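**Student:** I have a structure here, written as structure tokens, and I will follow up with some questions on it.
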């Protein structure tokens with residue numbers, strides 16, 4: 001299992017961002033070539049130099065995309081954002097004011113946005129917003145240095161609009177990245193917990209079960225059983241676990257088993273199949289209540305000292321559950337069904353859309369079978 005790393009999510013974004021840089025640089029170069037005849041002859045060299053600089057940054061960033069710590073260093077990102085500012089600001093010199101207010105393409109078409117996103121990803125929404133604002137205001141600088149056209153309200157609106165959009169690009173990139181990192185961390189923690197659970201289940205829990213079955217000292221057997229219960233609660237209980245029908249069901253059944261053990265000084269083995277699909281809470285609670293009542297009957301009326309609770313997907317049903325005890329049992333034909341069985345077991349399960357069967361015999365124990373849709 002690969003441990004969580006802050007660089008993991010950043011690495012994925014940097015790889016995608018590398019493709020974005022290449023695509024936008026190619027488009028930027030194509031636009032510059034198509035509009036070459038519109039360039040101011042005195043500043044054509046500046047456009048070529050800046051395009052070459054953007055090409056160099058694109059190549060270097062592509063080579064560093066597998067080294068997040070270097071690719072997101074302050075120097076690298078400052079160079080990229082600074083070059084983006086220079087590309088957009090030089091539009092006023094290279095093309096003139098008409099290209100600043102949207103009547104013609106900017107020299108830095110699309111490419112400077114990569115720097116804004118990179119800052120947001122590496123430094124968070126605040127610095128992403130700062131980088132976006134710098135890129136946006138560079139359009140105002142392009143209008144200031146231009147020596148053609150008239151600085152009017154249209155220019156102001158173009159600058160404001162571009163600044164807001166660029167700032168939002170940086171902020172949103174930072175926010176999205178923070179969510180991705182948090183999700184990655186939670187997944188890593190959940191995987192680590194499952195790995196620990198598997199290891200303990202195959203080792204410690206099995207050892208405790210052997211101690212319970214072979215210990216001649218009742219106090220030692222009870223201690224092992226209590227420790228097993230606490231460990232299972234930690235591993236399979238609902239604390240810090242995602243909502244999952246199988247795990248929620250197992251936690252409820254084990255809680256019912258512990259109550260039986262504490263009340264009747266018996267042992268309950270809870271076995272839950274791993275392929276049980278998610279169950280809605282009302283059905284889990286209905287089954288938990290029915291199993292609790294069945295265990296109470298086993299201890300109170302059947303004098304049972306060992307009960308096995310088994311749950312698995314049923315044939316044609318979502319869930320099948322068996323509660324089988326080693327108590328004195330009873331003759332179903334000679335005993336009238338009590339309110340506990342009628343209301344607390346049958347009532348709960350039937351209300352949930354399921355069905356119940358009870359099998360018992362004198363000195364043969366009792367088995368309560370439960371099905372849920």
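**Student:** For the chain, what is the percent of antiparallel DSSP beta bridges, rounded to the nearest 5?
**Tutor:** Values: 19 of 25 bridges.
Roughly 75 percent of the DSSP beta bridges within the chain come out antiparallel.
**Student:** Here is a further query. Based on other C-beta atoms within 10 Å, arrange 77, 157 from fewest to most. Don't jump to the answer; show the numbers that get you there.
**Tutor:** Details: 77 21, 157 12.
Fewest to most other Cβ atoms nearby, the residues stand as 157, 77.
**Student:** Given the C-alpha centroids of the stretch 254-277 and the stretch 303-335, what is the distance between them in whole angstrom?
**Tutor:** 12
**Student:** Extending each Cα 7 Å along its Cβ direction at residue 211 and residue 63, get the distance between those two points in nm, one decimal.
**Tutor:** Those two pseudo-labels are separated by 6.0 nm.
**Student:** To continue, here is another question. Which of 279, 87 has the fewest other C-beta atoms within 10 Å, and how do the rest follow up to the most? Please list the in-between numbers first.
**Tutor:** On the way: 279 19, 87 26.
Listed from fewest to most nearby Cβ atoms, that is 279, 87.
**Student:** In addition: Once you have the Cα-Cα distance between residue 342 and residue 145, take 0.36 nm times their residue separation minus that, and quote the gain in nm to one decimal.
**Tutor:** Details: separation 197, 0.36 × 197 = 70.92 nm, distance 8.87 nm.
Contour length minus the Cα-Cα distance gives 62.1 nm.
**Student:** Within the stretch 244-372, what percent of beta bridges assigned by DSSP are antiparallel, to the nearest 5?
**Tutor:** Numbers: 19 of 25 bridges.
Antiparallel bridges: around 75 percent, rounded to the nearest 5.
**Student:** Using the basic label-point model (7 angstrom from Cα toward the beta carbon), what is the residue 189 to residue 20 distance in nanometres?
**Tutor:** 2.9
**Student:** Give the whole-number value, in cubic angstrom per residue, of the convex hull volume spanned by the C-alpha atoms of the chain.
**Tutor:** Numbers: hull volume 71.0 nm³, N = 373.
Per-residue hull volume (Cα only) is 190 Å³.
**Student:** Could I ask something else about it? Any chance you could give the angle, 0 to 90 degrees and rounded to 10, that helix 74-89 forms with the longest Cα principal axis of the chain?
**Tutor:** Tilt relative to the chain: about 50 degrees.
**Student:** Pull out a ≥ b ≥ c, the square roots of the eigenvalues of the alpha-carbon gyration tensor of the stretch 30-186, then state rounded if a/c is under 1.5, prolate if not and a/b is larger than b/c, and oblate in the remaining case.
**Tutor:** On the way: a/c = 2.88, a/b = 1.62, b/c = 1.78.
Because a/c hits 1.5 or more and a/b fails to exceed b/c, the stretch 30-186 counts as oblate.
**Student:** May I pose another question? Report, in deg cm²/dmol and to the nearest 500, the calculated mean residue ellipticity at 222 nm for the chain, where each DSSP H run with n ≥ 4 adds -39500 (n - 2.57) and the sum is divided by the residue count. The partial results should precede the final answer.
**Tutor:** On the way: 14 runs with 230 residues, N = 373.
One gets -20500 deg cm²/dmol as the mean residue ellipticity at 222 nm.
**Student:** If I build a Gaussian network model for the chain, linking alpha-carbon pairs within less than 10 angstrom, which residue out of 115, 132, 23 has the largest mean-square fluctuation?
**Tutor:** Result: 23 has the largest fluctuation of those listed.
**Student:** Note the full-extension length gain between residue 30 and residue 48 as 0.36 nm times their separation in residues minus their Cα-Cα distance, in nm to one decimal. Spell out each step's value before the answer.
**Tutor:** Values: separation 18, 0.36 × 18 = 6.48 nm, distance 1.23 nm.
Roughly 5.2 nm would be gained on extension.
**Student:** What distance in nm lies between label points placed 7 Å from Cα along the C-beta direction at residue 331 and residue 182?
**Tutor:** In this crude spin-label approximation the distance works out to 6.6 nm.
**Student:** May I pose another question? Grab the beta carbon distance between residue 226 and residue 12, set R0 = 56 Å, and tell me the FRET efficiency rounded to 0.05.
**Tutor:** Details: r = 46 Å, r/R0 = 0.82.
Computed FRET efficiency for residue 226 and residue 12 comes out at 0.75.
**Student:** When 27, 22 are ordered from fewest to most other Cβ atoms inside 10 Å of their Cβ, what list results? If you can, show how the numbers build up before the last one.
**Tutor:** Working: 27 14, 22 17.
Taking fewest neighbouring Cβ atoms as first place, the list is 27, 22.
Every read-out reported here was derived from the displayed coordinates using simple, explicitly stated rules and does not represent laboratory data. Small disclaimer: the values here were computed from a predicted structure and weren't measured. Because the Cβ atoms are built from the backbone with ideal geometry, glycine has one as well, and the counts that use them run over all protein chains shown.
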